[in-house]
1. Filter the stretch 207-250 for residues that are at pLDDT below 95 and part of a helix (DSSP H, G or I) and give the result.
2. Could you list, in sequence order, the residues of the stretch 362-401 that are out of contact with any helix residue (DSSP H, G or I) (no Cβ under 9 Å at 6 or more places or on another chain), assigned to a strand (DSSP E or B) and within 26 Å of residue 163 (Cα to Cα)?
3. Taking residue 176 and the conditions (1) touching a helix residue (DSSP H, G or I) at 6+ places or on another chain (Cβ under 6 Å); (2) assigned to a helix (DSSP H, G or I); (3) closer than 25 Å to residue 344 by Cβ, which numbered condition does it fall short on, given that it satisfies the others?
4. With respect to the numbered conditions (1) under 20 Å from residue 135 (Cα atoms); (2) more than 15 Å from the chain's Cα centre (by Cα); (3) in a helix (DSSP H, G or I), which one is the sole condition not fulfilled by residue 70?
5. Return yes when residue 359 is touching a helix residue (DSSP H, G or I) at 6+ places or on another chain (Cβ under 8 Å), under 26 Å from residue 98 (Cα atoms) and assigned by TED's automatic domain parsing to the domain that holds residue 130 and no when it is not.
6. Among the candidates 157, 132, 165, 98, single out the residue that is surrounded by fewer than 15 Cβ atoms within 10 Å (Cβ to Cβ) and modelled with pLDDT of 95 or more.
């Protein structure tokens, strides 16, 4: 009996130890995923900014990473290797459970201070055979239901069905993710991810304090905008090269907007935008009385990311001859024909509403004084989940109008 009791105690101890190791591994995998997603976020942001000089930029790197992670689940061979390197992904075994754990932390349905939703889906050709293992993985780790459409005979109706689902998931902010021609009779699979956020400032701007003021697109060119004002206590820092960083928290404290205001234009800032630098800058913030001026702004953006992602290191995924997504079907008959991303943001006195969606279309083949933070010239903004460090949105404002 004594031996039995000792064995039972040892077994219980081993089980507790195993659970602790599993929890630690899960946390480590999630932290590694946040690091990887953050690295990819600013790689892509720098790439898109370089291709769109003088234009506002807006992406949801989390949406893009999630949609491509679902695609990566079916990648094999060189295609898998290139995607992992470009997207900063780890092994298949570690990646997908980490995404599920991160989603559980981010999209807490019990929260009432803000709205933050995600919706994933697979849309497959009704008579095309997809691996049960692939469909099961997406359902298990991404809560992504597999739905069938008829791209061959009902191409336009299929496109409208997907667009309606995305619009519903983003409170109508992303209405036409797939344009005419984005799906064809050769489309066999579309993977979609949609993210929606709406939050109010912890310290709201008073509409009575909003007034017309100049915004300097360049030192010589200005436009008149509606500039919001408030004075309060915020986390702030002034760093190297005159970079000012301000954190504006949303109610509830889990999420915040971080505004990066360089001394001058964005030309000198964007090349140095890395996840490592962002973390370093955030660690330098301290509580201070700040006189804040921030323009109201609203804009959207749409990108076809094929060339960007190919240039960044995953060309095989878009190559009819080289693409290997045999993990989806058991053969190499699929390739990525389009990666489409659309995002929308609106910042007002009350708070922020933002939405984004991504489609992967697969075809066959503290100081004693008050500091001044006046965002009257181009700046970069992030929307962060503070506990995990996940970057949900990143954009640049070169013209608030």
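1. Of everything in the stretch 207-250, those that are at pLDDT below 95 and part of a helix (DSSP H, G or I) turn out to be 240, 241, 242.
2. Scanning the stretch 362-401 gives 363, 364, 383.
3. That leaves (2) as the condition not met.
4. So the condition that residue 70 fails would be (2).
5. yes
6. Answer to the check: 157.
Let's see how each residue does on (1) modelled with pLDDT of 95 or more; (2) out of contact with any strand residue (DSSP E or B) (no Cβ under 6 Å at 6 or more places or on another chain); (3) surrounded by 12 or more Cβ atoms within 10 Å (Cβ to Cβ):
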residue: 7; (1), (2), (3): no, yes, no
residue: 25; (1), (2), (3): no, yes, yes
residue: 35; (1), (2), (3): yes, yes, yes
residue: 45; (1), (2), (3): yes, no, yes
residue: 53; (1), (2), (3): no, yes, no
residue: 60; (1), (2), (3): yes, no, yes
residue: 63; (1), (2), (3): yes, no, yes
residue: 68; (1), (2), (3): yes, yes, yes
residue: 72; (1), (2), (3): yes, yes, yes
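Okay, residues lined up against (1) surrounded by fewer than 20 Cβ atoms within 10 Å (Cβ to Cβ); (2) more than 29 Å from residue 168 (Cβ to Cβ):
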{"position": "339", "(1), (2)": "no, no"}
{"position": "342", "(1), (2)": "no, no"}
{"position": "346", "(1), (2)": "yes, no"}
{"position": "362", "(1), (2)": "no, no"}
{"position": "371", "(1), (2)": "yes, yes"}
{"position": "377", "(1), (2)": "no, yes"}
{"position": "382", "(1), (2)": "no, no"}
{"position": "386", "(1), (2)": "yes, no"}
{"position": "390", "(1), (2)": "no, no"}
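The values are calculated or read from the model by the stated rules, or taken from the named source; none is laboratory data. Keep in mind the model is a prediction, meaning the values are calculated, not measured. So basically every Cβ, Gly included, is an ideal-geometry build from the backbone, and we count neighbours across all protein chains shown.
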